[in-house]
Structure formats: structure tokens, C-alpha cells
1. Would you calculate the separation in nanometres between label points at Asn78 and Lys125, each defined as 7 Å from the Cα along the Cα-to-beta-carbon direction?
2. I want to verify the translational diffusion coefficient of segment 32-105 in µm²/s; compute it with Stokes-Einstein, Rh as the Kirkwood radius over Cα pairs, at 4 °C and 1.567 mPa s.
3. For Lys57, list the lysines whose Cα falls under 27 Å from its own Cα; do not include residues on the same chain fewer than 8 positions away.
4. What full-extension length gain, to one decimal in nm, is calculated for Lys161 and Tyr184 as 0.36 nm per residue of separation minus the Cα-Cα distance?
5. Quick one: pull the percent of accessible area on segment 32-123 belonging to carbon and sulfur, 1.4 Å probe, ligands and nucleic acids left out.
6. Taking GluC sites (Glu not before Pro) as candidate sites, keep only those in a DSSP loop with at most 14 other Cβ atoms within 10 Å, then name the longest stretch of the chain containing none of them.
7. Share of antiparallel DSSP beta bridges in the chain, in percent to the nearest 5?
8. Indicate the helices, whole DSSP H runs only, in the chain that combine a mean Kyte-Doolittle hydropathy of 0.0 or more with a Cα extent along their long axis of 18 angstrom or more.
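The values are calculated or read from the model by the stated rules, or taken from the named source; none is laboratory data. Owing to the predicted nature of the structure, the values given are computational and were not obtained by experimental measurement. Cβ coordinates were reconstructed from backbone atoms using ideal geometry, including for glycine residues, and neighbour counts include every protein chain displayed. Surface accessibility is based on the protein's heavy atoms, side chains included, excluding ligands, DNA and RNA. Shrake-Rupley method; radii C 1.70, N 1.55, O 1.52, S 1.80 Å.
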Amino acid sequence: MEKKIVITIDGWSSCGKSTLAKQLSQKLGYLYVDSGAMYRAITLYFLRNNIDWADKKEVKNALKSISLEFVFNPKSNNSEMHLNGENVEYLIRDLVVAEKVSDVAAIKEVREFAVAQQQKMGEKKGIVMDGRDIGTVVFPKAELKIFMTADNAVRVQRRFKELYEKNPNVGIDEVKNNLEMRDYIDSHRAVSPLQKAADALVLDNTELTEDQQFKKVMEWIKKLF
Ligand code: CDP
């Protein structure tokens with residue numbers, strides 16, 4: 001396929017957006033960008049530096065000191081988030097960050113900072129980006145927009161398993177509460193709330209295997225060429 005397109009994947013927390021995005025980027029030879037990692041890294045910076053994010057001035061100043069970069073790690077076969085030169089990929093997945101990330105991501109200045117970088121990464125097309133506002137705000141002209149969803153209980157199970165493998169002290173209730181809280185804040189915030197773009201295709205993967213969901217989306221892609 002010589003024509004390169006932009007693929008956006010938006011949806012609720014933990015419904016498999018990054019799994020699908022990675023499958024697609026590998027198959028198509030596209031760049032994969034996990035926009036959520038950027039909001040998580042900014043949140044980590046704010047927490048570490050005791051930034052009062054209710055104070056716009058403090059936020060603006062803090063953002064000036066933040067440099068975000070995705071660095072491919074051949075060992076994990078994954079593009080990992082680096083914050084001011086430090087690999088924070090592992091740290092940003094922690095519940096401590098997840099507890100605060102939706103509050104930080106609701107701040108207008110934070111979004112402007114992240115979105116400008118995301119749009120730059122997509123200038124040459126050939127990109128798959130997942131998040132909450134990618135099809136609506138970041139790339140409103142994307143050729144393929146996917147809105148992902150899955151049953152709540154399934155999403156909680158999937159995220160619990162992921163976190164439990166790293167830290168067996170994690171409880172299923174805190175994972176459930178965190179997903180529900182983030183979905184609520186993300187879809188009710190004033191700036192770029194999570195919502196399905198009018199022209200997005202819905203993918204409910206509650207009962208689909210990774211292989212099935214991949215095949216389904218590849219069918220959608222073939223129709224575009
Ligand atoms: O992996 P999961 O779906 O749980 O979340 P994520 O993609 O890592 O995103 C973490 C948080 O960042 C979300 O709950 C949103 O608050 C925020 N986010 C956003 O506001 N806009 C995006 N484009 C991506 C993430």
C-alpha cells in the first residue's frame with residue numbers, strides 16, 4: 001500500500017486501544033503513538049515536582065521544563081516514553097499516576113502542549129495514534145477513525161491482570177474505581193472530552209479475540225484503498 005493514511009483510535013480506558021494500534025502499526029509499517037503516555041508523563045512530572053495544577057502560571061512554567069520523547073526499545077519491541085531523557089515507561093503505568101492523570105489531562109494548557117506535538121508527529125501520515133480526542137481534535141481529517149469500546153467488567157479484568165503482573169498488591173476494586181473515575185472525567189471535561197467522532201467506526205471487542213479484531217479492522221482498511 002503506497003498511499004499512507006492516518007488512523008485514529010479513541011475510546012474508554014483499557015479497552016485494548018494500544019493492542020490494536022500496535023498490531024496495525026506493525027502490519028502497515030506505520031508509526032505508533034500512545035498519546036496517553038504523554039499525559040501520564042506530564043502527570044508524573046507534576047507529582048514529582050509538587051506542581052499545583054490549579055495554578056495556571058505554575059502549569060505554564062512547568063510545561064516549559066518538560067521534554068517528551070518516544071524512544072523505540074528493541075528489547076521490548078515497544079516505543080517507550082522518555083521524560084527529560086529518563087525512561088519512565090514503567091513508572092507512568094502505575095496507579096499513582098492513573099489516579100491523577102485525568103485531572104491533569106483536563107487542563108487546557110496541558111492539552112495544547114501535547115496536541116501540538118501529536119499533530120507534528122502526524123504531518124507525514126503513516127501513523128496510528130490512540131487516545132481520547134485523536135479523531136475529534138488532533139486529526140479531524142484522518143482517513144480511518146475507530147472508536148473502541150468493551151464491557152466494563154471485561155475492561156476491569158484486563159487492566160487488573162496487566163497491573164497485577166507488575167504488582168501483586170493491587171486490588172481489583174481500586175482498578176475498577178480508577179477506570180470508572182477516569183471514564184467519567186474524560187467524557188465530561190470541558191476541553192476535548194472523549195466522544196465518538198461522527199465519522200468514526202465503532203469496534204466493540206468484548207467478545208473478539210485480538211486476531212479477530214485485527215482482521216476486522218484490516219477489512220475496513222482495505223476498503224479505503
Ligand atoms: O491505557 P488507558 O486506556 O487506561 O489510558 P491511557 O491511554 O494511558 O490514557 C491515560 C489518561 O490520559 C486518560 O484517562 C485521559 O485522561 C488522558 N488522555 C487524554 O486526555 N487524551 C488523550 N488523547 C489520551 C489520554
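1. Placing both labels 7 Å along Cα→Cβ, they lie 3.1 nm apart.
2. Values: Rh = 12.6 Å.
D, rounded to a whole number, is 103 µm²/s.
3. The reachable lysines, counting only those whose Cα sits under 27 Å from Lys57, are Lys100, Lys108, Lys120.
4. Separation in residues times 0.36 nm, less the Cα-Cα distance, equals 6.1 nm.
5. Ligands and nucleic acids excluded, carbon and sulfur give 51 percent.
6. Here the longest run is 3-122.
7. Numbers: 8 of 26 bridges.
Here the share of antiparallel DSSP bridges comes out near 30 percent.
8. Within the chain the helices that satisfy the rule are 35-48.
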